[in-house]
1. If the label point is 7 Å along Cα→Cβ of T586, which residues in the range 603-628 have backbone nitrogen under 15 Å from it?
2. Ranked highest first by average number of other Cβ atoms within 10 Å, how do 183-196, 877-890, 568-581 line up?
3. Starting from 0.36 nm per residue, how many nanometres of slack lie between Y867 and L511 once their C-alpha separation is accounted for?
4. DSSP loop trypsin sites (Lys or Arg not before Pro) in the range 508-538 with at most 14 other Cβ atoms within 10 Å of their Cβ, which ones?
5. Based on the alpha-carbon gyration tensor of the range 863-927 and its eigenvalue square roots a ≥ b ≥ c, which shape applies: rounded if a/c is under 1.5, prolate if not and a/b is larger than b/c, or oblate?
6. Filter the chymotrypsin sites (Phe, Trp or Tyr not before Pro) in the range 65-170 down to the DSSP loop ones having no more than 13 other Cβ atoms within 10 Å, then list what survives.
7. Determine which residues of the range 530-566 fall in the zone a paramagnetic label at S435 would reach in this model, i.e. backbone nitrogen under 18 Å from the point 7 Å along Cα→Cβ.
8. Heavy-atom accessible area of I22 with all protein chains present, probe 1.4 Å, nearest 10 Å²?
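The values are calculated or read from the model by the stated rules, or taken from the named source; none is laboratory data. Since the model is a prediction, treat every value here as computed from it, not as a measurement. With ideal geometry, Cβ positions are generated from the backbone for all residues, glycine too; neighbour counts draw on all protein chains shown. Heads up: the accessible areas ignore ligands, DNA and RNA and are worked out on the full protein's heavy atoms, side chains in. Shrake-Rupley method; radii C 1.70, N 1.55, O 1.52, S 1.80 Å.
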Amino acid sequence: MSQGNRVHSLSGLQRLLEGGLIICSMLAIYVLLALTSFSASDPGWSQSNYQGQIENLGGAVGAWIADVLLYFFGYSAFLTPFVIAGTGWLLFKQSHRLLEIDYFSVSMRLLGFILIVFGVSTLASMNGNDIYEFSAGGVTGDVIANAMLPYFNSLGTTLLLLCSIATGFTLLTGISLIALVELTGRATIGVFQSLYQLPSRLANSRETEDTQGFMSIAAGFKRKQKEPLLAGVNEDDLTEVANTASAGNESLGTAAENTEVSHKERRKLFSIFSRSKTESDVDVASVTADAQDEVDALKSFSANIDNEYSTSGVAAANEARSRFARVEPAFSDVVSDQGAITADEAHAASSNMNTAFSASGASIDTFDNDEYGHPSDELPPWEDIGFDDAISDGALAKAPKPQPKKVEGAKIVDGIVVLPGQDNTPTKPMAPLPSIDLLNVPNRKENPISEEELDQVARLVESKLADFNITANVVGVYPGPVITRFELELAPGVKASKISNLASDLARSLLAERVRVVEVIPGKAYVGLELPNKFRETVYMRDVLDCDKFKANPSNLAMVLGQDIAGEPVVVDLAKMPHLLVAGTTGSGKSVGVNVMITSLLYKSGPDDVRFIMIDPKMLELSVYEGIPHLLCEVVTDMKEASNALRWCVGEMERRYKLMSALGVRNLKGYNAKIADAKASGEPILDPLWKSSESFDEQAPELDKLPSIVVVVDEFADMMMIVGKKVEELIARIAQKARAAGIHLILATQRPSVDVITGLIKANIPTRMAFQVSSRIDSRTILDQQGAETLLGMGDMLYLPPGTGVPIRVHGAFIDDHEVHRVVADWHARGKPQYIDEILQGSSDGEQVLLPGEASEEGDEDYDPLYDEAVAFVTESRRGSISSVQRKFKIGYNRAARIIEQMEMAGVVSAQGHNGNREVLAPPPPRN
Ligand SMILES: Nc1ncnc2c1ncn2[C@@H]1O[C@H](COP(=O)(O)OP(=O)(O)OP(=O)(O)O)[C@@H](O)[C@H]1O
């Protein structure tokens with residue numbers, strides 16, 4: 001049998017469940033047959049008859065079952081087969097959830113079911129005809145009806161029973177009746193509306209062509225939304241995207257309708273004018289009065305079109321566009337996450353949308369700018385039919401010229417007419433900083449580990465160590481969100497390194513994924529053993545950000561990293577680091593870690609305090625931050641520009657140093673304080689570095705507050721590979737000196753090898769962060785010690801603070817893309833970045849200005865001072881050998897060889913021939 005056709009055998013539990021499903025289905029059919037074929041003459045539970053032929057299709061047992069059910073429940077008994085079948089199906093499909101049964105929800109459902117059965121039975125008993133000798137509601141219905149009727153009367157009882165059925169429905173299904181009612185109402189209104197709009201929509205199909213791409217994607221998207229495929233996606237995002245898609249559609253539809261109205265009006269205008277002109281050809285004088293009327297008509301039409309078109313058309317288009325822009329990232333994310341609609345399609349949709357907007361914007365523009373607007377392609381321009389001539393001829397000269405209404409203050413942005421009040425200037429003030437509500441509320445689960453279990457594991461650790469001949473006592477157990485630390489007191493004479501060497505054996509015997517041994521716990525005489533928890537908790541960004549430690553931190557560069565092993569938030573200060581090196585293999589949580597750091601800075605400081613330069617060779621990770629007001633330049637993806645940016649930083653660092661020394665302060669904090677004081681006292685400090693010869697201004701500009709600059713490089717290995725040594729030098733220079741100037745580096749790489757994290761870089765960046773790495777060697781490269789290879793991935797890290805040798809284990813916080821998008825969108829609304837072009841392009845005049853102490857790339861100093869003389873000698877003597885130059889100038893072999901090589905490059909002598917000689921190519925110098 002081929003591989004593909006092989007029938008897989010089921011596991012034990014699966015067999016049981018599948019067997020159960022079959023049995024339940026059969027039983028349901030049997031009971032249904034028994035009920036439907038019930039015969040009053042058959043013997044049963046409530047009656048014994050003569051022993052004749054049994055008519056029930058289920059036989060004697062079937063007759064008995066049907067009798068019992070009908071006796072007690074009447075017509076409601078017919079629910080029984082469905083209940084049996086449903087139970088079988090639920091057990092089969094949801095078996096994996098059996099272990100986590102929520103008894104509260106189950107009892108709610110049961111209660112709901114009982115309410116429905118009682119309600120239906122009682123109503124049937126009150127209103128239905130008997131089934132043979134049984135009441136329509138069975139004994140149940142009869143008893144309840146008899147109990148209620150004396151008190152509530154027939155109407156009251158019916159109301160109460162209907163109420164009980166409705167409540168039971170909600171309890172059983174969890175469906176809100178109110179939502180159901182609203183849905184029904186909305187669906188009905190929707191159907192009527194679309195029927196009502198159908199004729200005008202058909203007429204407008206031509207105008208809406210541009211929006212087709214977007215609409216089909218939107219429709220596809222709505223369709224997909226109903227499919228279980230999207231079950232894992234954040235529902236709020238889905239709803240917002242879908243709503244926006246349809247709102248965008250509607251707005252575009254309105255815009256298109258308005259366009260159509262405008263076209264029709266224009267056609268009318270033309271026919272009126274053409275008619276008037278033909279008549280005026282016949283008898284100009286007689287139609288002057290008519291022409292005046294026509295012009296009046298033109299005027300009113302024109303105003304009409306203008307109003308209709310510019311207000312609703314533009315407003316609709318703008319509304320749709322801004323809504324779309326707001327959710328576009330989420331839209332692209334969601335659709336591409338699902339793979340249901342590819343990123344390309346989403347992109348195509350968005351560009352179609354833009355084309356549509358631009359088209360409507362452009363035609364509005366034309367209309368506004370022309371006197372009456374040149375009508376669309378099928379109508380001739382005004383001058384072709386002689387409108388202008390007619391005016392100058394005098395026939396219409398007296399008539400006032402109709403002026404289209406201009407909208408004051410309207411402007412065109414990105415091909416769109418932006419009406420006053422609708423432009424996309426910042427809608428939010430810079431302060432207060434973004435709200436924590438932009439982050440998801442975590443769905444926390446308590447760690448289900450109990451003290452007894454911990455105790456058991458502690459005993460197990462001791463016994464496993466004993467297996468390896470190590471006597472140790474567990475003296476402390478510290479459970480955390482991700483790992484539990486066991487502190488071991490070793491018997492005298494046992495070396496901690498012995499346990500370290502056994503880490504992987506211990507992991508195996510304790511059935512743990514990885515075990516980390518902490519040889520030194522500061523302040524304690526114990527060795528730590530960190531075992532991963534059975535259930536790992538996720539550390540959510542919102543939890544760590546919402547702590548006093550972060551909120552009360554006075555530094556502008558405070559960042560949260562995550563939680564320590566005890567679950568306490570870890571907050572660090574980039575200003576004190578002052579640079580950070582982040583490394584970890586791919587998938588270890590590095591990018592999430594970098595996002596967490598950037599987001600915490602965005603939660604701590606505005607663009608006045610912190611600015612970013614982001615370098616992202618992978619073009620994926622940091623591009624989400626594009627457009628936030630903190631950026632000094634666009635997110636850099638080109639490596640040449642990246643090295644320009646680093647050069648700019650070095651230049652800026654030098655400039656800041658000069659400013660600080662001129663002001664007599666020692667760091668950026670002192671500088672900013674001095675500037676603030678000076679401003680407060682009304683005597684701002686003027687730029688001491690300003691030179692009147694270099695500026696058109698007459699006076700030096702005032703000095704302003706300087707923000708800290710954070711340079712984030714994601715995948716710094718790429719940059720090293722492409723740009724090479726130069727980057728290393730620049731980074732080393734910034735790293736050495738930039739602390740006081742407020743320039744800080746965060747360098748991340750997934751290749752922690754020595755050719756990337758070179759000695760020069762390591763020596764200058766004392767703070768390191770290691771996510772999981774693949775080998776001890778990698779761990780040593782980053783941390784100068786092993787340990788990172790035993791991390792658990794997914795944000796688990798070792799953080800080595802500056803000036804210490806003992807790394808702290810931190811469980812990195814988790815932030816998802818949607819959260820980052822929300823924070824970014826919040827900053828977008830507050831302002832636009834003011835990019836400094838020089839950062840990416842180098843100096844504005846195109847010449848690379850040499851930084852202080854920097855050597856030019858094609859530096860002249862490579863040229864030997866004797867070079868010119870040597871050329872004169874070689875061309876004169878016609879001998880291009882190294883030894884002749886050596887002898888003549890009495891210099892060493894190496895120097896002479898270098899000179900000859902330079903001559904070869906300059907074409908003075910030829911390359912070496914077979915016999916080792918070179919031919920002199922250049923002519924001898926002219927003799928004077
Ligand atoms: N702190 C965290 N908590 C829980 N899960 C995390 C955490 N950090 C990362 N993850 C999970 O690990 C996955 C990989 O993370 P991330 O993309 O940051 O890795 P990476 O090291 O940057 O990989 P690459 O270098 O390939 O981009 C994430 O998609 C996420 O599911």
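1. 617-621
2. Going from most to least packed, we get 568-581, 877-890, 183-196.
3. Going from the current span to full extension adds 120.9 nm.
4. K524, K534
5. rounded
6. Answer in residue order: Y132.
7. Residues passing the 18 Å test: 542-543, 545-547.
8. Here the residue's solvent-accessible area equals roughly 100 Å².
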